Amino acid sequence: MDQPRQLIDKLEETSRLTKEEWIVLIGGQNEDLAQYLFEKARRLQTQYFGNRIYIRGLIEFTNYCKNDCYYCGIRRSNRQTERYRLTKEQIMECCKDGYRLGFRTFVLQGGEDGCFTQEKLEDLVYTIKADYPDCAITLSLGERSKESYEGLFRAGADRYLLRHETADEAHYQTLHPKELSVKKRKQCLWDLKKIGYQTGTGFMVGSPGQTPEHLAKDLLFIRELEPHMVGIGPFIPHHETPFAGEPGGTVEQTLFLIGLLRVMLPKLLLPATTALGTIDPRGREKGILAGANVVMPNLSPTSVRKKYELYDNKICTGDEAAECRSCLNRRMEKIGYRLVIDRGDYGVKCLED
Ligand code: SAM
Ligand code: FES
């Protein structure tokens, strides 16, 4: 069996490893290996994106959810969370602020909230698109029927984020109630891709019970799906969930996986997530230096930020959108990168060049 360094070289050359090879590589993680990986990842990141970092304006428009995922702070059983829904006017206001600040992608994210009917969602997408035709709309609304995804795509949505969470069926069942299944989740992802969405999947690093074999399966699934985006961040416990007492994921392992993803699929849109910035004050910068090329600052009104607490101590819950934007600008410039005003589509060259 090859050594971990040779496996990284092989990954770069062939973009594929076997499950056993992934397990060796993930198990071999140490500081030296990580540096070797990050240099390669940064070389590829620079080759495809230069020093440009794409920004997405995140609008967390509802924290009502019918699901009860064991890890999630806004799961339906959490009676301590004060629930909210943004009105269409409030959402349009977020887009207006965002556009002024240079955002050209709006991400509408929320729990699975039946109050936002198909008709309301299509109307929302259509209205945003009519007002901001040069912007991309990303949806992150959980599992829906193929017909629903199709309707939203016709209304103007461009992208969809739905993390598979874990590709291992037994592990999936330990993280979710029995009405949810990894089979359904994967089917949604295949549907989204087929419809024509730029599709994003992903998983939490260090979720309870996660093993190197589970991670190997995640990477194999991602290779098979060939998504356009992959969102990964550390699992962080939330005090009002069944996983309150579980240990969280580590910065080191999250960065290592970001690096592996960049080398496996060099053109990926890969965010340095808020969760990474939550467990390390320089987490997002470290994510970029490990190969990420996207950041997703929050555009939600400050009055609701604290209520969309998926995990404890989430950062940026008190800052105005403009503050988040300029804070990230400074952070990126310090490490030699720059935020660009661009939709940042998959596989499309940045318009700023
Ligand atoms: N309802 C949509 C969905 O299920 O895709 C979007 C909202 S959901 C809260 C977005 C993501 O948050 C999930 O895919 C999950 O990976 C992440 N998340 C939830 N709880 C978390 C936690 N405790 N730590 C880290 N990430 C978490
Ligand atoms: Fe629905 Fe987390 S359980 S968003």
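The values are calculated or read from the model by the stated rules, or taken from the named source; none is laboratory data. Everything numeric in this text was worked out from a predicted model, so none of it was measured. Virtual Cβ from ideal backbone geometry, glycine too; neighbours counted across all protein chains shown.
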*Residues being under 13 Å from residue 219 (Cβ atoms) and free of Cβ contacts under 8 Å to residues at least 12 places away in the same chain - total across region 18-32*: 1
*Here is a list of conditions, (1) on the phi < 0 side of the Ramachandran plot; (2) under 16 Å from the mean Cα position of the chain (by Cα), and residue 344 meets all of them except one; can you say which number that is?*
(1)
*asked:* Under 7 Å between Cβ atoms, which residue pairs at least 6 apart in sequence (or on different chains) link something in region 72-91 that is among the β-branched types (Val, Ile, Thr) and away from ligand 2 (no atom under 15 Å from the Cβ) with a partner that is at pLDDT 95 or above and not in a loop (DSSP other than H, G, I, E, B)?
replied: 91/59; 91/61; 91/124
*Sort out which residues of region 97-123 are within 23 Å of the chain's Cα centre (by Cα) and basic (Lys, Arg), and write them in order of number.*
104
*Conditions (1) of a type in the set (Ser, Thr, Tyr); (2) touching a Pro at 6+ places or on another chain (Cβ under 6 Å); (3) in a loop (DSSP other than H, G, I, E, B): number failed by residue 199*: (3)
_Residues that are outside any helix (DSSP H, G or I), away from ligand 2 (no atom under 16 Å from the Cβ) and of a type outside the set (Lys, Arg), drawn from region 247-279_ = 247, 248, 249, 250, 265, 266, 268, 269, 270, 271, 272
*Select, from 250, 278, the only residue that is of a type in the set (S, T, N, Q), buried (at least 20 other Cβ atoms within 10 Å of the Cβ) and either more than 25 Å from residue 28 (Cβ to Cβ) or without any contact (Cβ under 8 Å) to a residue 60 or more places away in the chain (or both).*
278
